[in-house]
Amino acid sequence: MTLAETLLHALRDHGATEIFGIPGDFALPFFKVIEESAILPCHTLSHEPGVGFAADAAARYRSDLGVAVITYGAGALNMVNAVACAYSEKSSLVVISGAPGAAESGSELLLHHQAKSLGSQFRVYQEITCDQAILDNPHTAAREIARVLRSCREESRPVYLELPRDMVNVEVGAVPKLPPTAVDGEALAACAGELLTRVAGARRPLLLAGVEVRRYGLEEEVATLARRLHLPVVTSFMGRGLLAGQECHLLGSYIGLAGDPEICALVEESDCLLMLGVIVCDSNFGVSARQIDMRRVIHAADRCVKFGFHHYPELPLEGLMEALLAKTATVEPERSMPETRPYPRHLAADDAPIAPIDIARGVNDLFAAHGPLPIAADIGDCLFTAMDIDHIELVAPGYYATMGFGVPAGMGLQVASGRRALILVGDGAFQMTGWELGNCRRLGIDPIVLLFNNQAWGMLKTFQPHNRYNLLDSWGYAETAAPLGGHGAHVTTRGQLAAALDHAARSRGRFQLVEIALSVEAISPTLQRFVQAQSRHTGMAVESNS
């Protein structure tokens with residue numbers, strides 16, 4: 001079997017179900033094999049950052065491998081930001097780059113797409129992937145592929161494979177399926193036992209679920225553990241959308257001072273905070289009311305477990321969950337549980353101007369009438385508005401906070417899930433990657449896109465309302481939808497928004513773009529609290545609008 005075919009079979013055997021990519025000269029031989037072999041379907045987009053975001057979203061949704069294939073230099077280096085986002089937020093993205101062949105590499109001529117040296121790209125990707133290999137040796141290629149793909153799955157972070165174009169059709173052996181990295185069973189049992197003892201002795205225990213729970217496909221196991229231990233559950237800000245549809249006492253998301261005060265108090269006053277798969281970063285904890293005492297925290301993430309002065313290294317979250325469930329076959333005595341709060345509903349269909357909270361109400365009404373849709377959100381107030389939308393599957397760059405994620409991620413989400421996606425995006429981010437919607441017709445997808453148009457980089461404008469460099473022109477986004485193969489609607493009132501949402505939900509077969517006119521001063525309650533909390537935390541004053 002050729003190296004290209006072997007690689008494609010290995011990707012499929014390790015959980016990949018599709019490829020996103022853009023062809024280029026150094027990758028053309030591989031793209032030819034991808035298409036003609038039909039081992040995995042390939043979906044091409046228009047710009048490499050969109051390829052990376054789409055593949056990342058597919059990986060996040062399916063808790064499995066996402067695959068991005070691009071060409072050397074201009075392609076791979078153009079996708080660095082998207083891969084850095086996937087690395088920061090622990091997404092199992094496989095990057096495959098075409099590369100010059102051996103004869104070209106040995107030439108005295110500089111090659112097009114080459115930066116400082118032919119190895120510059122590999123060294124750049126070493127910084128933003130957890131494992132890498134150049135597949136230039138037919139005798140070692142299969143083992144290299146096996147090692148790199150195992151690293152991707154176990155560490156849930158991007159990996160990088162470089163495929164010289166003269167190696168594509170070289171005969172190689174099959175890729176072995178390597179066994180999981182060995183885990184110390186005695187350490188695992190001891191850790192699980194100590195953890196359960198601490199939870200049982202606590203008066204206010206709480207489970208805080210983070211992104212690794214989804215990355216490793218453990219939502220059902222975490223919900224089962226929470227039921228058995230009668231633990232109330234919240235998700236981290238990054239983990240919003242976790243446990244959707246699972247049976248557990250889910251209260252909402254912890255966003256510190258920016259979120260629900262009662263949830264904030266429950267997390268920060270817990271005497272045993274069980275953090276499963278939570279990334280400890282400023283987005284998750286930077287606006288907390290007070291520094292969480294880590295001596296009261298049990299933190300399982302990054303293949304280790306820490307609590308107090310105890311540290312159990314090399315214990316994966318999957319193994320820990322298996323050990324905990326084995327030790328909790330019987331249900332613990334019930335504790336009193338905090339009450340859950342309903343999400344806002346019943347959008348008033350009147351002539352009043354639209355505020356972000358109205359968008360949340362309208363989406364919740366849409367879900368009640370037509371069923372829930374998985375959500376892809378960009379960074380900014382569209383993501384903060386999502387905190388008031390029903391708890392449903394959500395992909396968003398909550399930590400890395402890159403703009404431009406939402407539209408291509410939503411497209412990747414619909415391709416990977418087979419379900420219609422809802423995309424929340426601001427006008428600034430839409431200007432970066434919104435034009436990828438022109439590929440929806442060819443890909444056979446029809447997402448609903450809610451474009452928050454306040455003619456500004458709105459989140460930045462909240463900190464500096466008087467500076468003009470945060471302002472944007474309005475490009476008539478709704479009018480561009482039809483030439484791109486979709487349907488557009490421009491709405492300025494709550495009544496128009498309600499009608500547009502209903503039309504979008506009932507219309508299938510092409511993407512629906514609802515351009516929502518917002519005042520630059522209109523921000524969600526969550527963003528208002530976030531800005532105020534960040535200002536106190538960083539010492540950066542928020543300028544008055546007066």
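The values are calculated or read from the model by the stated rules, or taken from the named source; none is laboratory data. A quick note: this is a predicted structure, and the numbers were derived from the prediction, not measured. Heads up, the Cβs are rebuilt from the backbone with ideal geometry, glycines too, and the neighbour counts pull from every protein chain shown.
Before moving on, here are some points about what is shown:
- Among residues of region 1-18 being small (Gly, Ala, Ser) and touching an Asp or Glu at 6+ places or on another chain (Cβ under 9 Å), the one that is surrounded by the fewest Cβ atoms within 10 Å (Cβ to Cβ) is GLY15.
- Strands (runs of 3 or more DSSP E) wholly inside region 211-285 containing at least 1 residues that are within 17 Å of the chain's Cα centre (by Cα) and more than 25 Å from LEU196 (Cβ to Cβ): 250-254
- If only residues of region 164-199 that are among the small types (Gly, Ala, Ser) and in contact with a helix residue (DSSP H, G or I) (Cβ under 8 Å, 6 or more places away or on another chain) are counted, the one that is farthest from THR140 (Cα to Cα) is GLY193.
- Qualifying residue in region 341-350 (condition: acidic (Asp, Glu), outside any helix (DSSP H, G or I) and out of contact with any Leu (no Cβ under 7 Å at 6 or more places or on another chain)): yes
- Qualifying positions in region 75-131 - charged (D, E, K, R), at pLDDT below 95 and assigned to a helix (DSSP H, G or I): GLU104
- Considering residues of region 58-74 that are assigned to a loop (DSSP other than H, G, I, E, B) and in contact with a Ser or Thr (Cβ under 6 Å, 6 or more places away or on another chain) only, the residue surrounded by the most Cβ atoms within 10 Å (Cβ to Cβ): TYR72
- Among the residues of region 112-144, those that are of a type in the set (Gly, Ala, Ser) and over 11 Å from GLY73 (Cα atoms) comprise ALA133, ALA141, ALA142.
- Among residues of region 349-387 being of a type in the set (A, V, I, L, M, F, W, C) and loosely packed, with under 14 Cβ neighbours inside 10 Å, the one that is farthest from ALA421 (Cα to Cα) is ALA352.
- Residue check for LEU513: under 19 Å from PHE430 (Cβ atoms), modelled with pLDDT of 90 or more and not polar (S, T, N, Q): yes
- Considering region 19-51, the residues that are among the acidic types (Asp, Glu) and surrounded by fewer than 20 Cβ atoms within 10 Å (Cβ to Cβ) include one that is nearest to ASN78 (Cα to Cα), namely ASP25.
- Criterion (assigned to a helix (DSSP H, G or I), surrounded by fewer than 16 Cβ atoms within 10 Å (Cβ to Cβ), in contact (Cβ under 8 Å) with a residue 24 or more places away in the chain and out of contact with any strand residue (DSSP E or B) (no Cβ under 6 Å at 6 or more places or on another chain)) met by exactly one of GLY173, GLY193: GLY193
- PHE26, sole failed condition from (1) over 21 Å from PRO100 (Cβ atoms); (2) in contact with a His (Cβ under 8 Å, 6 or more places away or on another chain); (3) among the aromatic types (Phe, Trp, Tyr): (1)
- Region 482-502, subset small (Gly, Ala, Ser) and more than 20 Å from ILE359 (Cα to Cα), residue surrounded by the most Cβ atoms within 10 Å (Cβ to Cβ): GLY486
- Residue count, region 93-111 (criterion: farther than 17 Å from GLU162 by Cα and either touching a residue at least 12 places away in the same chain (Cβ under 8 Å) or not assigned by TED's automatic domain parsing to the domain that holds LEU11 (or both)): 0
- For ALA323, the test of being out of contact with any Lys or Arg (no Cβ under 7 Å at 6 or more places or on another chain) and farther than 23 Å from THR181 by Cβ is failed.
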